[in-house]
Amino acid sequence: MKHAATILVLAILLVGCTATGNNVNEQDVITIGVISSFSGEMAVQGEHLEQGVTLAYEQLDRTALTHSYRLLFEDDAYKSDKTAAAYRKLHDIDGASAIIGSDSRSGNIVAPIAETDAILFCSVASDPAVVKGRKYVFKHWTTPEAEVASYLAVVEQQGWDRVIVLESVHPGVEAISDMIEKAARERGILLERHRFQSGDTDFRGTLAKLKNQDFDAFALFLMPNHLQTAGKQILEFGFEQPRTTIEMYDFIDDVSLFEGEWYIAPADPTGRFVASFTERYGEAPESVAPNGYDCLNLLVKAFEEGGTDPDDAMTVIRQLKDYQGAVGTLHYSGSLIEGGSIESPALKKMIVNGKRVLVE
Amino acid sequence: MAVLSQLIANGLIAGSIYALMAAGFSMMFSIQRFMNIAHGATYVVGAFSAYLFAKIIGWPFWIAFPIAIAVATLLGILINHIVFEPLQKEKDKNLALLLASFGMFLLIESIILMIFGADVKSFGLPVERGMDILGAIITPLQLIIIITAPVVFIGIWLFLKKTLVGKALRATSDNTVIAATMGINIRAMTFISTGLGSALAGLAGILVALEQNLEHSMGMSAILKGLTAAIVGGIGNVPAAILGGYLIGLAENLGIWYLPSGYKDAISFVILIIFLLFRPQGFFGMKKREEVAE
Amino acid sequence: MIETYLLHLFIIACLYVILTTSLNLAIGYTGLLNLGHIAFYAIGAYTSSLLALNFGVPFWIGALAGATLAAIVGYLLSYPTIKLKGDYLALGTLGFSIIVESVLKNWVSLTRGPLGLPGIPKPSIFGFAIDTIPKYALFGLILAVLVYIVLEIVVRSPFGRVLQAIRDDEMAAKTLGKDTFNAKAKALALSAFIAAIGGSYYAHYVTFIDPTFFSILETILIFSMVIVGGTASMLGSVAGAVLLTLLPEPLRFLPFPSSIIGGMRQALYALLLVLVIRWRPQGLIGENTFKKFKNGVKR
């Protein structure tokens, strides 16, 4: 009985390993692989990316395409060795010609190997280290610099000089928080940072300490579950200061909690994208979904116009100008040394009647 | 001064939840004698069941919540019966049980992920400014938590001290062999302690879901805090675990008066280690010392 | 092309062999339920990476530095945990690893916190650059074999017998005049040393590390490898490491709809784990771990 169990497990493994069924040999099929976290704490990121990418894929007009495309998803469970394994599987076994990734961490793992293999890699990441010095890697995310500049412009306009930052311990947050703290200091604005680990959902201690202090506003650089809790607790405490953020109000479903607040965010997904997304999924697009959508379309465009040669395909990307993406009008910017990014502008938005609205 | 009372209030709120987790954990541990990580999954199931019944299906709270607790209870009993009981007969059971409980925890978390998706969910209760009580700001829901938990605990204390079943439970946790000789049905004791413990976890999950929000990965930190509190209070002893929960809650919240907020989680572990060093039987532990240390 | 994928898996398997066998030294042979093992792994990874990135220190020096640091920490960890047994030791060591993780995340000026350390250079040992996957696989194989041999020698030595005596009955071992504290401390130190080497090996392979490596889930994973393999032997640890590294991979080939792949694969993995433990609790290559005295003295 006990031996049977062992044999059963080994058999599953054997069958699994040899069932490399997906190995397609057709010349014309271009495989695009997507690596993200589909399980574990960061599963929400994978979910959103998958939604955006799949929508784009489904909307492709097959009759107008020279090549045919195949989309494959791999989970890395937010673990680096799994990220590398996912890439290896997509590249070595599935013959992927391009990869889409959803965060800086996996970006940093995949970028060096994609570069060596001359595989196009579209990374929805904020860390510039992902693209630095790389030919085949580009990122698609509003640059922290643009967001920071926009944010501080509004802060100065309001005449604030002390802002309390509540932040989640997370790479994307860290990057922006670092940058904004420095930039703020140069302008004589004090940004006081308080960090919260992912398991910690109680802000009341920190709020208690702030209760009778003099400051102008809150900056909530928090992941979704933190954001909702903190937003709520701030109100419960009776704070009157505005609750601002960068990007984060685009990451949650229900923004009614933040009625009347302003924030800085990448340009709104275009109306057409939002409409088809809502029709397909029954909910509004969030976080990396529009970027995933754009990444897929950009890669297809690169292969269609440049062909399957990676250098030619990348040339198409580098010449990108005034492209209508899901995140607004996109253009490519960058050099070989600093690496390339698809940038979208940072805008000021407000929550009005429970909806996100563009301001001025 | 108002800050102090606020921090104490925060400590009581957090402590109530930790105490619920610790009590349930301790109750099961006192009979089964192993660290059941799957207890964290029971907590998550309680929360999501309540969400499913109350928010998705739309039943009123007073129907949805008891059913959710029942679901959690059932789950705990089922897991124990199918996975843990058979392993209890093995010679090297401690490691195997620990690992099996981790596996069940992961399994349940994955299933919740598949069913509900990865987005953070919330009950969407209206937000209002909290009441000012002795300088501390507390919302009505938080007040409910601070009151409900001790009520539940008093109920448990009475159950353990006064009822026949409660006494049988305590006897079994003291010494299983003698208890069996006395005619106590050990299997029934296991059943009851598992059920009761799981119900407590389910309740904790529901309270947290109401007061904050839910996501599939919420279980790990809950069980870790519960474990820590149970040990700091005194393992195997339910009232001690409850007090341990409040202790940890207060310590964490008073601690971040001085420390940067990022270290909050580390505080409870430092306390844990200090206790393990100097008083491994916990604050209120009594004769269990030789089972813990030399 | 499939070879590179398989070689990558091999490289990772070697890593886990290193981590699992060293943990087994503590758990299976000395009876120390150390759940803080990944802290040593983290120390090794971060030390050699930081030294390489900031000071250009060559891999082998950085790795040895990290391993030595980890060994010292391991030795010191014995002091507070000296009195604890069983599950309590587990919890104490788990707390230790959570504290280390906290420090890694918060000490941003040193570790860049959650941003991690990208661009870690590939190792170059005495001029021989290990910069391709096949070379790294060979490197991994050599390391894993070395570690295995060293550990086998240790457990078969008189010192190893002392450890097992401590595991079986520390009181008796003390009565026989063995300095049990010293032995336990050394075992923990050696276990830490090896784990740290594993950490450096890994960091310089993926060229990027961040605190998410050293999470509780990682601890659970390595711990499962030890148990599944069976704590009775080092060979068991090798088997456990290889099995659980390979286990999730075939699941990639099962075609699930993309909306549930993450949850489904993790669920299957967890299910298989529970089934293996349920059906074969003593592990793949195991016998009773806590044996009675070998000399036939029954208790």
*If you take the residues of the range B:64-91 that are β-branched (Val, Ile, Thr) and open to solvent by 60 Å² or more (accessible area, probe 1.4 Å), which of them is modelled with the lowest pLDDT?*
B:Ile82
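Given the structure, is A:Val274 in contact with a Pro (Cβ under 7 Å, 6 or more places away or on another chain) and without any contact (Cβ under 8 Å) to a residue 24 or more places away in the chain?
yes
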*Can you tell me which residue among C:Val73, C:Val154, C:Val150, C:Val108 is more than 23 Å from C:Leu235 (Cα to Cα), away from every other protein chain (no Cβ under 12 Å) and not acidic (Asp, Glu)?*
C:Val73
*Which of the following residues is in contact (Cβ under 8 Å) with a residue 40 or more places away in the chain and hydroxyl-bearing (Ser, Thr, Tyr): C:Thr180, C:Thr175, C:Thr231?*
C:Thr231
*asked:* For the list (1) out of contact with any Ser or Thr (no Cβ under 6 Å at 6 or more places or on another chain); (2) within 8 Å of chain A (Cβ to nearest Cβ), I need the number of the one condition that B:Gly244 fails.
replied: (2)
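To keep it simple, each residue is scored yes or no on (1) assigned by TED's automatic domain parsing to the domain that holds A:Ala289; (2) in a helix (DSSP H, G or I); (3) hydroxyl-bearing (Ser, Thr, Tyr).
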residue	(1), (2), (3)
A:Glu74	yes, no, no
A:Ala77	yes, no, no
A:Thr83	yes, yes, yes
A:Ala86	yes, yes, no
A:Lys89	yes, yes, no
A:Ser97	yes, no, yes
A:Ile100	yes, no, no
A:Gly107	yes, yes, no
A:Thr116	yes, yes, yes
*open to solvent by 20 Å² or more (accessible area, probe 1.4 Å), over 27 Å from B:Thr139 (Cβ atoms), within 14 Å of chain B (Cβ to nearest Cβ) and not in a loop (DSSP other than H, G, I, E, B) - does that describe any residue in the range A:188-202?*
no
*Out of C:Leu243, C:Leu217, report the one residue that is open to solvent by 10 Å² or more (accessible area, probe 1.4 Å), more than 11 Å from the chain's Cα centre (by Cα) and either at pLDDT 85 or above or small (Gly, Ala, Ser) (or both).*
C:Leu243
*Looking at the range A:304-355, which of the residues that are at pLDDT 80 or above and of a type in the set (Asp, Glu) is nearest to A:Ala149 (Cα to Cα)?*
A:Asp322
*From the residues in the range B:1-31 that are β-branched (Val, Ile, Thr) and under 13 Å from B:Tyr246 (Cβ atoms), which one is nearest to the chain's Cα centre (by Cα)?*
B:Ile17
*Considering the range C:34-67 alone, what residues qualify as being surrounded by fewer than 24 Cβ atoms within 10 Å (Cβ to Cβ), among the aliphatic types (A, V, I, L, M) and farther than 15 Å from C:Pro211 by Cβ?*
C:Leu51, C:Leu53, C:Val57, C:Ile61, C:Leu64, C:Ala65
_Total residues in the range A:305-350, condition in contact (Cβ under 8 Å) with a residue 24 or more places away in the chain, of a type outside the set (A, V, I, L, M) and assigned to a loop (DSSP other than H, G, I, E, B)_ = 4
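Mind checking which residues of the range B:181-197 are surrounded by 14 or more Cβ atoms within 10 Å (Cβ to Cβ) and part of a helix (DSSP H, G or I)?
Hits for the range B:181-197 are B:Ile186, B:Met189, B:Thr190, B:Phe191, B:Ile192, B:Ser193, B:Thr194, B:Gly195, B:Leu196, B:Gly197.
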*Does any residue of the range B:32-40 turn out to be in a helix (DSSP H, G or I), within 25 Å of B:Phe283 (Cα to Cα), out of contact with any Asp or Glu (no Cβ under 9 Å at 6 or more places or on another chain) and not polar (S, T, N, Q)?*
yes
*Confirm whether A:Gly292 is small (Gly, Ala, Ser) and surrounded by 23 or more Cβ atoms within 10 Å (Cβ to Cβ).*
yes
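The values are calculated or read from the model by the stated rules, or taken from the named source; none is laboratory data. Nothing here was measured: the structure is a model prediction, and the numbers come from that model. Neighbour counts run over all protein chains shown; Cβ positions are idealised from the backbone, glycine included. Heads up: the accessible areas ignore ligands, DNA and RNA and are worked out on the full protein's heavy atoms, side chains in. Shrake-Rupley method; radii C 1.70, N 1.55, O 1.52, S 1.80 Å.
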